[in-house]
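K.L.:
Please read through the structure below; I'll follow up with questions.
The values are calculated or read from the model by the stated rules, or taken from the named source; none is laboratory data. Computed from a predicted structure; not experimentally measured. Neighbour counts run over all protein chains shown; Cβ positions are idealised from the backbone, glycine included.
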Amino acid sequence: MARDKVVLAYSGGLDTSVAVKWINETYDLDVIAYTCDLGQGQDIEAIRQKALRTGAVEAIAEDVRNLFVDFFCIPSLMAGALYEGKYPLATALGRPLIAQLMVRVAKQHGAVAVAHGCTGKGNDQVRFDVTFQTLNPALKIIAPVREWKWTRTQEVEYANKHGIEIEATKKSIYSTDQNLWGRSIEAGTLEDPWIEPASDAFQWTVDPQLAPNEPEEVTIEFERGRPIALNGTAMGAAELIASLNTIAGRHGVGRIDHVENRLVGIKSREIYEAPAAVVLHEAHREIEFLTLSKEALRFKTYVSQQYSDLIYNGLWFSALHQDLMAFVVSNQQYVSGTARVKLFKGHAAISGRKSEHSLYRHELATYDEGDQYDSSAAQGFIKIHGLSQTTQAKFQMLTGAGARRLELPSIIPPSDEIR
């Protein structure tokens, strides 16, 4: 009698390789290994073959880089999504897509369960589980690493006992994850936020002190909030991001050192490399400064925070996300133009920007010839603008005891009153 099946998110590493056999023994299920290419730089066909050698009854490998970039990374860029103002959410963006594709595979193959290799301490378990529960609540969720709580030594012993192929090389002291949008590095000495990250933690960016002594400028063209050209050459978003990762990385641009608040209630020190994402967010924001009104910019800041929290917290497939994205698409309809960015010694500085939809008008801003600003309207505007404050001062704050409220010492409490 054929056994039921489970779809396992398979990376080819120790955890998920051991999980294949462990799931067979513990849950009496056949494993379908699922691997997808998000731009992590791995040979996914080799990983697929390894899954079969490890004991999976079937192994699937897909290149979904364009899907990931076009429907996850670029919408997050349009939304200005930087978690706590720093993290471009690379890993967080990849998880809902992987989980969505696994649910599809489970349906195609009649699987009764899905499984992942996340621990019980991180955010990824939430992102996978919530997506599974949302898209197909009937699927059983198995999280071997969260269940077995083994040490690495115990995992290696289990692998050797069952003839499971594992890498012979020494394991890095760091825990890493990467895709086209960025690279996450944690653990080891990085767990002490006082210690500067060692050079071996980085792979995509050179040490800014060792970067070229001459700056390099790049131009990025946007259309309705989406990047469409790099240095005057039109290209797809995935190709643009890959090229910009290389260019900015060689100038040491894209290193992020962040003590962040995890969803599970703890703070963690995280190191990220995201050269393209950092440059694109800077460039995109500058085009927004040109093309969005003050009110739209300030409201967008609130939306950006909500959007980044939503991604980080694993709620990509929520109705709120759909609502926020509807606003973002409308908000970005005039965010078209070109930004020029100077890359130098770890910094990305805006050196120019232009847009045919620009709300910056030279004829209104200039003090030279061609000035069309009506200065005669200023006096009346100022009077009306300050009317509520001057009225309150006249009838309350400048009369009797209220007069002391406008004196500086009365605003700042004496030192002996500060506790």
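K.L.:
Quick test for you: out of THR233, THR205, pick the one residue that is surrounded by 18 or more Cβ atoms within 10 Å (Cβ to Cβ) and over 14 Å from LEU280 (Cα atoms).
P.N.:
Of THR233, THR205, the one residue that is surrounded by 18 or more Cβ atoms within 10 Å (Cβ to Cβ) and over 14 Å from LEU280 (Cα atoms) is THR205.
K.L.:
Quick one: LEU8 ticks every box in (1) in a helix (DSSP H, G or I); (2) touching a His at 6+ places or on another chain (Cβ under 8 Å) except a single one, so which number is it?
P.N.:
Only one criterion in (1) in a helix (DSSP H, G or I); (2) touching a His at 6+ places or on another chain (Cβ under 8 Å) is unmet by LEU8, namely (1).
K.L.:
Is it the case that some residue within the stretch 277-296 is under 30 Å from GLN178 (Cβ atoms) and either surrounded by fewer than 16 Cβ atoms within 10 Å (Cβ to Cβ) or modelled with pLDDT under 95 (or both)?
P.N.:
Scanning the stretch 277-296 turns up no residue that is under 30 Å from GLN178 (Cβ atoms) and either surrounded by fewer than 16 Cβ atoms within 10 Å (Cβ to Cβ) or modelled with pLDDT under 95 (or both).
K.L.:
Another question about this same structure. Can you tell me which condition ARG262 does not meet? The list is (1) under 18 Å from ALA349 (Cα atoms); (2) among the basic types (Lys, Arg); (3) at pLDDT below 95, and all the others hold.
P.N.:
(1)
K.L.:
Next question, about the same structure. For the stretch 136-160, which positions are surrounded by 14 or more Cβ atoms within 10 Å (Cβ to Cβ), within 14 Å of LEU14 (Cα to Cα) and of a type in the set (Val, Ile, Thr)?
P.N.:
Scanning the stretch 136-160 gives VAL145, VAL156.
K.L.:
Exactly one condition in (1) touching a Gly at 6+ places or on another chain (Cβ under 9 Å); (2) surrounded by fewer than 24 Cβ atoms within 10 Å (Cβ to Cβ); (3) of a type in the set (A, V, I, L, M, F, W, C); (4) under 15 Å from ALA90 (Cα atoms) is false for ALA274; which is it?
P.N.:
(2)
K.L.:
Restricting to the stretch 130-144, give me the number of residues that are farther than 22 Å from GLU186 by Cα and either among the basic types (Lys, Arg) or without any contact (Cβ under 8 Å) to a residue 40 or more places away in the chain (or both).
P.N.:
8
K.L.:
Further, regarding this structure: GLY122: more than 26 Å from SER308 (Cα to Cα) and surrounded by 14 or more Cβ atoms within 10 Å (Cβ to Cβ), yes or no?
P.N.:
Spelling it out, it is not the case that GLY122 is more than 26 Å from SER308 (Cα to Cα) and surrounded by 14 or more Cβ atoms within 10 Å (Cβ to Cβ).
K.L.:
Going through the stretch 89-137 one residue at a time, which ones are at pLDDT 95 or above and of a type in the set (D, E, K, R)?
P.N.:
Scanning the stretch 89-137 gives ARG95, ARG104, LYS107, ARG127, ASP129.
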